[in-house]
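S.K.: Below: one structure in structure tokens.
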């Protein structure tokens, strides 16, 4: 019984202690301890405290902070999303949301609080795309709170996403290599590999092969890194996995980005020649195995080294330096100009949706095209 008789009296009434133990919605244990004079008064206090606790627990957000929500959100999402996506969400929220909003209670997190947070983000030296990505992850976390009935609505929606400056000249164009630009770029990469081989170093050929795979298949960086010789059979590449290098610890083999990313694609003839030459080169190395990574051997090449090599070869070739991801845009452009059907382009790239933007050379616009079917060679 939570009512205990204590020593002492007041106005002829015995002193009692009312003690109630309970666990809140976050699993934390609490204890309420009050003293009162008179048994009837103690019973009334017990009833009031019990009712208050019940009403409080019926409102799960009571006392819950953004920090608490963050912990629960990530614990739940670890079973629903890829490990790399979970890590990205964790980094974004911990770096850009928690410092400003972490201690705020959900019951106090309103549109004004969101606007204050947005002003905090606006003061950071980050681009509009990053700001919108942060907003998207934060929005998903608050949506989770609404789903769990911790909040009645998503206040981020009322405040709205970040807006780009009105200066339209700041709009970033989609980057890609035309076929001619790629020829110049890959020639520079080949020259670098040949120069290294002349000194007894074969490792540089991995980058040359990496860029060829990226341009001729449109595969994502992690998908290329995960490629093993066993993934090539009968002139086709099976894409079933990806390598994550940004997670803590050693490289992690993960599933591709989405279900559509698991695919088998035909290898274009120029790339087939590159791969055959590279396999012959690798086969001469002691300990060679079909399970080796195509670009690297026992361990795939490093993302940072790929980008540095890209920058160096672009400068040597006299072409613009694009991102590794922009090779996907380059491949889409190549296919579109070869007359490949839009459905086939989307399938090769592993897109979840058929609609996509395709850069067309000698044009300032992004064109969405539907062309006749044609097998890509």
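S.K.: So, in the stretch 84-107, how many residues would count as being outside any helix (DSSP H, G or I) and without any contact (Cβ under 8 Å) to a residue 24 or more places away in the chain?
M.R.: 0
S.K.: Among the residues of the stretch 155-174, write down those that are in contact with a helix residue (DSSP H, G or I) (Cβ under 6 Å, 6 or more places away or on another chain) and at pLDDT 80 or above.
M.R.: 155, 156, 158, 159, 161, 162, 164
S.K.: Would you confirm, using the coordinates I've provided, whether residue 295 is modelled with pLDDT of 95 or more and either part of a loop (DSSP other than H, G, I, E, B) or farther than 26 Å from residue 175 by Cα (or both)?
M.R.: Details: modelled with pLDDT of 95 or more: yes; either part of a loop (DSSP other than H, G, I, E, B) or farther than 26 Å from residue 175 by Cα (or both): yes.
It is true that residue 295 is modelled with pLDDT of 95 or more and either part of a loop (DSSP other than H, G, I, E, B) or farther than 26 Å from residue 175 by Cα (or both).
S.K.: Can you say whether residue 118 is over 30 Å from residue 245 (Cβ atoms) and part of a helix (DSSP H, G or I), as far as the supplied structure shows?
M.R.: Criteria met by residue 118.
The values are calculated or read from the model by the stated rules, or taken from the named source; none is laboratory data. Remember, predicted model here, so these are calculated numbers, not experimental data. Cβ: placed from backbone, ideal geometry, glycine included. Neighbour counts: every protein chain shown.
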